[in-house]
1. Quickly run through the range 1-25 and pick out the residues that are surrounded by fewer than 16 Cβ atoms within 10 Å (Cβ to Cβ), without any contact (Cβ under 8 Å) to a residue 60 or more places away in the chain and under 21 Å from residue 126 (Cα atoms).
2. Has the range 57-67 got at least one residue that is over 20 Å from residue 10 (Cα atoms) and crowded, with 17+ Cβ neighbours inside 10 Å?
3. Check the range 118-138 and report whether any residue there is crowded, with 17+ Cβ neighbours inside 10 Å, at pLDDT below 90 and assigned to a helix (DSSP H, G or I).
4. Does residue 114 meet the test of being modelled with pLDDT of 95 or more and surrounded by fewer than 14 Cβ atoms within 10 Å (Cβ to Cβ)?
5. May I ask you to verify whether residue 25 is within 15 Å of the chain's Cα centre (by Cα), part of a helix (DSSP H, G or I) and within 17 Å of residue 119 (Cβ to Cβ)?
6. Can you pull out every residue in the range 28-38 that is in a helix (DSSP H, G or I) and touching a residue at least 24 places away in the same chain (Cβ under 8 Å)?
7. Check whether at least one residue in the range 39-46 is in contact with a helix residue (DSSP H, G or I) (Cβ under 6 Å, 6 or more places away or on another chain), free of Cβ contacts under 8 Å to residues at least 60 places away in the same chain and either assigned to a helix (DSSP H, G or I) or closer than 20 Å to residue 21 by Cβ (or both), and report yes or no.
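The values are calculated or read from the model by the stated rules, or taken from the named source; none is laboratory data. Owing to the predicted nature of the structure, the values given are computational and were not obtained by experimental measurement. Note that each Cβ is placed from the backbone with ideal geometry, even for glycine, and that neighbours are counted across all protein chains shown.
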């Protein structure tokens, strides 16, 4: 049973990493091409951000279930990784998603959005921060701290 729980935890963490890995670059490159290419962005970005949040929660929940099943107190690295995971989910919900919504609202209104526009730059910044948090969380959980 423990192996199945760990597999589900690793599977959800893997999907979490990949969910929005390319989103900011996709938005920037698509907007740089101009019309008609941005019309398909929402169909790619909205599900990716939704998957990111869902897999983030799945990773946290499966991690807690693994710890509960093992019945031991987690080491410091696990606790740091857990905290960073929650921060990362917050970054996606409070920063990346609103930046995307600013871009999507303008696109839906028929406006051209330059690839160098402020919300696009914010998306790239928050995406980089989120993925750095993911990497550090993974490192603290894997390496014995």
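1. 14, 18, 22
2. The initial filter retains those residues of the range 57-67 that are over 20 Å from residue 10 (Cα atoms), namely none.
No, the range 57-67 contains no residue that is over 20 Å from residue 10 (Cα atoms) and crowded, with 17+ Cβ neighbours inside 10 Å.
3. Scanning the range 118-138 turns up no residue that is crowded, with 17+ Cβ neighbours inside 10 Å, at pLDDT below 90 and assigned to a helix (DSSP H, G or I).
4. Values: modelled with pLDDT of 95 or more: no; surrounded by fewer than 14 Cβ atoms within 10 Å (Cβ to Cβ): yes.
When the stated conditions are applied, residue 114 does not pass them.
5. Values: within 15 Å of the chain's Cα centre (by Cα): yes; part of a helix (DSSP H, G or I): yes; within 17 Å of residue 119 (Cβ to Cβ): yes.
Against the criterion (within 15 Å of the chain's Cα centre (by Cα), part of a helix (DSSP H, G or I) and within 17 Å of residue 119 (Cβ to Cβ)), residue 25 qualifies.
6. First, pick out the residues of the range 28-38 that are in a helix (DSSP H, G or I): 28-33, 37-38.
If the condition is that a residue be in a helix (DSSP H, G or I) and touching a residue at least 24 places away in the same chain (Cβ under 8 Å), then 28, 29, 31, 32, 38 are the ones that fit.
7. If we filter the range 39-46 for residues that are in contact with a helix residue (DSSP H, G or I) (Cβ under 6 Å, 6 or more places away or on another chain), which is where we start, we get 41-42, 45.
Of the ones still in play, those that are also free of Cβ contacts under 8 Å to residues at least 60 places away in the same chain are 45.
With either assigned to a helix (DSSP H, G or I) or closer than 20 Å to residue 21 by Cβ (or both) added as a condition, the list becomes 45.
Checking the range 39-46: at least one residue is in contact with a helix residue (DSSP H, G or I) (Cβ under 6 Å, 6 or more places away or on another chain), free of Cβ contacts under 8 Å to residues at least 60 places away in the same chain and either assigned to a helix (DSSP H, G or I) or closer than 20 Å to residue 21 by Cβ (or both).
Results for (1) within 27 Å of residue 144 (Cβ to Cβ); (2) assigned to a helix (DSSP H, G or I); (3) without any contact (Cβ under 8 Å) to a residue 60 or more places away in the chain, shown as yes or no for each residue.
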residue	(1), (2), (3)
69	yes, yes, no
79	yes, yes, yes
83	yes, yes, yes
86	yes, yes, yes
107	no, yes, no
